[in-house]
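Reviewing the structure listed below.
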Amino acid sequence: MSEDTLFSKIIRREIPADIVYEDELCLAFRDIAPQAPTHILVIPKKPIPALSEAQEADKALLGHLLLAVGEIAQQQKLDTGYRVVINTGEDGGQTVFHLHMHLLGGRSLSWPPG
Ligand code: 5GP
């Protein structure tokens, strides 16, 4: 059973967000504290708390999310590349427990992350 998070509230339009993409399965909006010139969060409408809690039944949804990220990257003209990050759990730095992919781009990104 997953808890209601602020991302569920964004999906329901109970709190505002700068939405850049939406389809029947997912929503994408700009991160409130951007770490790159383009920093977008892509989330499933289904409230999966974390990647570690995704199930076999979510396989198609996870593929859909990745393809949506690619489409959004094209829309955002991230032609020279970008990074997709899924922070998972405490050590992964996850702070909002509704699965989300960070799409980061618009500058050269260093590696490894901290
Ligand atoms: P995490 O740390 O869980 O991987 O990522 C959560 C992200 O959500 C952070 O990058 C944080 O800036 C973003 N965030 C937190 N609260 C809000 C909010 O109310 N609106 C938006 N657009 N982003 C948020």
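Residue by residue through region 5-23, note down the ones that are without any contact (Cβ under 8 Å) to a residue 12 or more places away in the chain and among the acidic types (Asp, Glu).
Glu14, Glu22
What number of residues within region 78-109 are assigned to a strand (DSSP E or B), in contact with a Phe, Trp or Tyr (Cβ under 8 Å, 6 or more places away or on another chain) and not aliphatic (A, V, I, L, M)?
Of the residues in region 78-109, 1 are assigned to a strand (DSSP E or B), in contact with a Phe, Trp or Tyr (Cβ under 8 Å, 6 or more places away or on another chain) and not aliphatic (A, V, I, L, M).
For region 3-45, name all the residues that are over 28 Å from Ser108 (Cβ atoms), open to solvent by 40 Å² or more (accessible area, probe 1.4 Å), assigned to a loop (DSSP other than H, G, I, E, B) and more than 10 Å from the ligand (Cβ to nearest atom).
Selection gives Glu3, Asp4, Arg12, Arg13, Glu14, Glu24, Leu25, Lys45.
Considering Leu99, Leu51, Leu104, Leu65, which residue is in contact (Cβ under 8 Å) with a residue 60 or more places away in the chain, within 15 Å of the ligand (Cβ to nearest atom) and within 12 Å of the chain's Cα centre (by Cα)?
On the way: Leu99 fails: in contact (Cβ under 8 Å) with a residue 60 or more places away in the chain; Leu51 fails: in contact (Cβ under 8 Å) with a residue 60 or more places away in the chain; Leu65 fails: in contact (Cβ under 8 Å) with a residue 60 or more places away in the chain.
Just a single option satisfies the conditions, and that option is Leu104.
Return a yes/no flag: does region 55-77 have any residue that is assigned to a loop (DSSP other than H, G, I, E, B), under 25 Å from Pro112 (Cα atoms) and open to solvent by less than 40 Å² (accessible area, probe 1.4 Å).
Checked region 55-77: no residue is assigned to a loop (DSSP other than H, G, I, E, B), under 25 Å from Pro112 (Cα atoms) and open to solvent by less than 40 Å² (accessible area, probe 1.4 Å).
The values are calculated or read from the model by the stated rules, or taken from the named source; none is laboratory data. Keep in mind the model is a prediction, meaning the values are calculated, not measured. Using ideal geometry, Cβ is built from the backbone for each residue, glycine included, and neighbour counts are taken over all protein chains shown. Please note that ligands, DNA and RNA were not included when accessible areas were found on the heavy atoms of the full protein model with its side chains. Shrake-Rupley method; radii C 1.70, N 1.55, O 1.52, S 1.80 Å.
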